[in-house]
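A short worksheet on the structure shown next.
The values are calculated or read from the model by the stated rules, or taken from the named source; none is laboratory data. Keep in mind it's a predicted model, so treat the numbers as computed, not measured. Reconstructed Cβ throughout: ideal geometry from the backbone, glycine too, with neighbour counts over all protein chains shown.
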């Protein structure tokens, strides 16, 4: 394995992790902006019945979320499109709202999106005629306007709740321009923290990748198996024996005199 391979692999892994973190930071910043709010509106909201109510919102662990995000708020506003009935906007415990509207003709919101705005409702027919909503005392937040706009802001708390939009006199045929918003005080800081973290990780990943690519590709010898001696390097070749001087016999020892040759 090349010495640069671990650097390259680590750099790629860090870049892969950094990419979704950067995207998450950009999305949060685009949705909530510098003010930390997400708003829909205004959009026309209508129902032939006496009320438009949300499905039950089960809110939990607001204390833990508040430590990180701050005290989140739900902000609602409604402007009556037809004069004469006024507009009422309220938030109530789900059980209390159900008792108040029992048997009445209402539309229940089944699906709701802020960006882009969409509203899907289910009709719940009935014949009951509830009393004016402003006379009830179970609302945790409420706003009423005989004309113009009714606006409320509610700090989110644990519990089961419904949002209710009605005519102020509880008459049928609700027709209002509604604005819906969620405010998260620390959303901007959280968005920036996520974005900066992703960018730092991206820079680190690029640096690791460059270090690996710029290193010389030397091979690392594999470690010897346990209990075996390390592999020896190549054995140097011995120098060839020195050649005999010119005219000497080719053998490596002095030639014996031939016994058969005559002596002088």
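Summary of values
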| item | result |
| --- | --- |
| Selected residue (only one of 77, 97 is in a helix (DSSP H, G or I), touching a strand residue (DSSP E or B) at 6+ places or on another chain (Cβ under 7 Å) and either more than 20 Å from residue 191 (Cβ to Cβ) or free of Cβ contacts under 8 Å to residues at least 60 places away in the same chain (or both)) | 97 |
| Any chance residue 169 is free of Cβ contacts under 8 Å to residues at least 12 places away in the same chain and either in contact with a strand residue (DSSP E or B) (Cβ under 9 Å, 6 or more places away or on another chain) or closer than 16 Å to residue 81 by Cβ (or both) | no |
| Flag if residue 110 is touching a residue at least 24 places away in the same chain (Cβ under 8 Å), in a loop (DSSP other than H, G, I, E, B), under 26 Å from residue 31 (Cβ atoms) and assigned by TED's automatic domain parsing to the domain that holds residue 43 | no |
| Counted residues, segment 58-84 - those being surrounded by 12 or more Cβ atoms within 10 Å (Cβ to Cβ) and farther than 25 Å from residue 129 by Cα | 11 |
| Some residue of segment 46-56 being under 26 Å from the mean Cα position of the chain (by Cα) and without any contact (Cβ under 8 Å) to a residue 40 or more places away in the chain | no |
| Search result, residues across segment 180-196 that are touching a strand residue (DSSP E or B) at 6+ places or on another chain (Cβ under 9 Å) and either surrounded by 20 or more Cβ atoms within 10 Å (Cβ to Cβ) or part of a helix (DSSP H, G or I) (or both) | 180, 183, 184, 187 |
